[in-house]
Amino acid sequence: MKKFFGLMALGCAISIATFAQEFVELGYHFNKGELFELEQKSRTETYMTVDDVMRRNTRDYNTMISMEVTDLNAGKATLTFRYKDLKFNFNAKNHNIFVDAKVANDKEPFQDALKRVLEQPFTVELQPTGIINKIDGLDKILENSFVAFDKLKKDEIEAYEKIMKDQFGVDAFRSWLEQLLIMYPVHGIKSGTQWEESFPLRTGLVGRMDLYWNLQSWDSQTAKVSATGKIKTDKLEQFTLEDGMLATAEISGDMQSNYLINRSSGLPSICVQNTEMKGEYTYKRNKAKKLRKDLKVPVKVVTNASYKIKQMK
């Protein structure tokens with residue numbers, strides 16, 4: 001009889017252990033003073049067909065960002081971000097802007113603006129699940145960078161400031177970070193589990209992105225996660241294009257992401273993202289721009305990005 005109960009107990013222990021091994025709890029875990037380095041490389045290509053002529057705009061963005069854990073409070077982590085390196089290449093209408101924030105260029109005011117962004121600290125408060133509570137200090141950094149455009153013409157100032165806001169503003173940064181960081185579920189999951197979250201498109205286009213994550217596999221140190229993002233704009237909401245024109249957008253698309261997660265911190269060691277959106281802009285009539293009636297413009301936007309995060313200390 002003792003042997004029978006002993007075997008039962010052993011069987012239960014094995015079942016419990018097996019059950020525990022199937023599930024894993026993922027989240028963001030930091031220690032104060034930890035330092036991470038994030039490398040980003042991305043290219044966005046926008047194709048628009050106006051009067052049967054296709055226009056192609058490109059934006060290449062290469063950056064290095066440091067992230068230091070400067071405070072831990074009630075499970076929330078405050079990370080201090082600093083841009084360590086910034087390279088930006090913008091090409092539209094046969095006009096090319098290439099800027100390396102560390103290389104002086106008196107002929108390009110954008111270089112001075114990016115230089116003013118380098119090494120300036122701003123903070124992100126992050127919950128263990130990946131929810132961003134707030135971003136502090138970045139709006140002030142951006143405002144200070146606009147001094148670089150003081151001597152330009154009014155329309156040039158507006159154009160440069162829009163590029164800065166679209167690429168480096170608080171809304172742009174938050175939207176980018178929400179797409180890079182996984183929003184983890186609050187409970188344990190197992191391989192094959194899918195979970196989802198929805199975010200607004202915070203810059204430029206007005207709409208939403210629904211993200212669907214899937215845990216592919218995991219071990220004691222890493223986890224592999226894939227994600228699909230469904231993007232759809234609100235066709236009734238107006239926004240401002242780079243040339244100052246008001247427009248609405250009826251665009252939809254998908255984002256595909258693959259992550260290799262470091263379970264120690266919860267941060268992705270590697271992330272690769274590919275996004276493609278298609279649809280049309282409706283340019284609103286504008287006498288100043290010599291547009292006497294609304295104009296529908298087919299558009300396609302393709303973005304390829306890769307990220308690497310490594311712990312420095």
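Does segment 83-97 include one or more residues that are under 18 Å from residue 35 (Cα atoms), small (Gly, Ala, Ser) and assigned to a strand (DSSP E or B)? Reasoning before the result, please.
Looking only at segment 83-97, we keep the residues that are under 18 Å from residue 35 (Cα atoms), and these are 83-85.
Next cut, small (Gly, Ala, Ser) only: none.
No, every residue in segment 83-97 fails to be under 18 Å from residue 35 (Cα atoms), small (Gly, Ala, Ser) and assigned to a strand (DSSP E or B).
For segment 199-229, which residues satisfy the criterion of being of a type in the set (Gly, Ala, Ser) and either more than 19 Å from the chain's Cα centre (by Cα) or over 23 Å from residue 25 (Cβ atoms) (or both)?
The first filter runs over segment 199-229 and keeps only residues of a type in the set (Gly, Ala, Ser), leaving 204, 207, 217, 220, 223, 226-227, 229.
Correct list: 204, 207, 217, 220, 223, 229.
Out of the residues in segment 261-310 meeting the condition of being of a type outside the set (Lys, Arg) and assigned to a loop (DSSP other than H, G, I, E, B), tell me which one is surrounded by the fewest Cβ atoms within 10 Å (Cβ to Cβ). Walk me through it before giving the result.
Filtering segment 261-310 for residues of a type outside the set (Lys, Arg) gives 261-262, 264-277, 279-283, 286, 288, 291, 294-295, 297-299, 301-307, 309.
Filter again for assigned to a loop (DSSP other than H, G, I, E, B), leaving 264-267, 288, 294.
On the way: 264: 13, 265: 19, 266: 20, 267: 25, 288: 7, 294: 12.
Per the stated criteria, the residue is 288.
Looking at 120, 40, 111, which one is polar (S, T, N, Q) and part of a loop (DSSP other than H, G, I, E, B)?
Numbers: 40 fails: part of a loop (DSSP other than H, G, I, E, B); 111 fails: part of a loop (DSSP other than H, G, I, E, B).
Exactly one residue qualifies, and that residue is 120.
Step by step: first the residues of segment 74-90, then only those that are at pLDDT below 90 and of a type in the set (Phe, Trp, Tyr), then the one that is surrounded by the most Cβ atoms within 10 Å (Cβ to Cβ). Which residue is that?
That would be 88.
So residue 102 clears everything in (1) of a type in the set (D, E, K, R); (2) within 28 Å of residue 312 (Cα to Cα); (3) at pLDDT below 95; (4) under 18 Å from the mean Cα position of the chain (by Cα) except one condition, right? Which one?
That leaves (4) as the condition not met.
I'm checking my understanding of the structure. Among residues of segment 127-165 that are in contact (Cβ under 8 Å) with a residue 60 or more places away in the chain and in a loop (DSSP other than H, G, I, E, B), which one is farthest from residue 241 (Cα to Cα)? Explain how you work it out, then say what you get.
Start the filter on segment 127-165 by keeping residues that are in contact (Cβ under 8 Å) with a residue 60 or more places away in the chain, which leaves 127-130, 155, 158-159, 162-163.
Going one step further and asking which of them are in a loop (DSSP other than H, G, I, E, B), we end up with 127-130.
On the way: 127: 34, 128: 36, 129: 34, 130: 31 Å.
Of everything passing the filter in segment 127-165, 128 is farthest from residue 241 (Cα to Cα).
Being farther than 25 Å from residue 300 by Cβ, surrounded by fewer than 17 Cβ atoms within 10 Å (Cβ to Cβ) and within 16 Å of the chain's Cα centre (by Cα), is that true of even one residue in segment 133-145?
In the first step, residues of segment 133-145 are kept if they are farther than 25 Å from residue 300 by Cβ; the result is 133-145.
Checking the rest, the ones that are also surrounded by fewer than 17 Cβ atoms within 10 Å (Cβ to Cβ) come to 133-134, 136-137, 139-140, 143-144.
Restricting the remaining residues to those that are within 16 Å of the chain's Cα centre (by Cα) gives 133-134.
Scanning segment 133-145, I find at least one residue that is farther than 25 Å from residue 300 by Cβ, surrounded by fewer than 17 Cβ atoms within 10 Å (Cβ to Cβ) and within 16 Å of the chain's Cα centre (by Cα), so the answer is yes.
Looking only at residues that are in contact with a Phe, Trp or Tyr (Cβ under 8 Å, 6 or more places away or on another chain) and among the β-branched types (Val, Ile, Thr) in segment 100-125, which one is surrounded by the fewest Cβ atoms within 10 Å (Cβ to Cβ)?
123
Restricting attention to segment 176-202, which residues are farther than 19 Å from residue 262 by Cα and in contact with a Ser or Thr (Cβ under 6 Å, 6 or more places away or on another chain)?
Listed by number, the list holds a single entry, 202.
Out of segment 233-248, which residues are closer than 22 Å to residue 57 by Cβ and under 21 Å from the mean Cα position of the chain (by Cα)?
Applying the first criterion (closer than 22 Å to residue 57 by Cβ) to segment 233-248 yields 233, 235, 237-248.
Once the filter is applied, which keeps residues that are closer than 22 Å to residue 57 by Cβ and under 21 Å from the mean Cα position of the chain (by Cα), segment 233-248 yields 233, 239, 240, 241, 242.
Name every residue in segment 225-252 that is in a strand (DSSP E or B), surrounded by fewer than 16 Cβ atoms within 10 Å (Cβ to Cβ) and free of Cβ contacts under 8 Å to residues at least 60 places away in the same chain, in order of residue number. Outline the logic, then answer.
The first filter runs over segment 225-252 and keeps only residues in a strand (DSSP E or B), leaving 225-233, 238-240, 246-252.
Now narrow it down to the ones that are surrounded by fewer than 16 Cβ atoms within 10 Å (Cβ to Cβ): 226, 228, 230, 238, 240, 246, 252.
Selection gives 226, 228, 230, 238, 246, 252.
Is there a residue being assigned to a strand (DSSP E or B), hydroxyl-bearing (Ser, Thr, Tyr) and either farther than 30 Å from residue 185 by Cβ or in contact (Cβ under 8 Å) with a residue 12 or more places away in the chain (or both) anywhere in segment 50-62?
Of the residues in segment 50-62, the ones assigned to a strand (DSSP E or B) are 50, 53-62.
The next check asks that each one be hydroxyl-bearing (Ser, Thr, Tyr); those that pass are 58, 61.
With either farther than 30 Å from residue 185 by Cβ or in contact (Cβ under 8 Å) with a residue 12 or more places away in the chain (or both) added as a condition, the list becomes 58, 61.
Yes, because at least one residue in segment 50-62 is assigned to a strand (DSSP E or B), hydroxyl-bearing (Ser, Thr, Tyr) and either farther than 30 Å from residue 185 by Cβ or in contact (Cβ under 8 Å) with a residue 12 or more places away in the chain (or both).
Being crowded, with 16+ Cβ neighbours inside 10 Å and either charged (D, E, K, R) or part of a loop (DSSP other than H, G, I, E, B) (or both) is the filter here; which residues of segment 175-192 pass it?
178, 181, 182, 183, 184, 185
The values are calculated or read from the model by the stated rules, or taken from the named source; none is laboratory data. No experiment lies behind these values; they were computed from the predicted model shown. Every residue, glycine among them, receives a Cβ derived from its backbone with ideal geometry; neighbour counts consider all protein chains shown.
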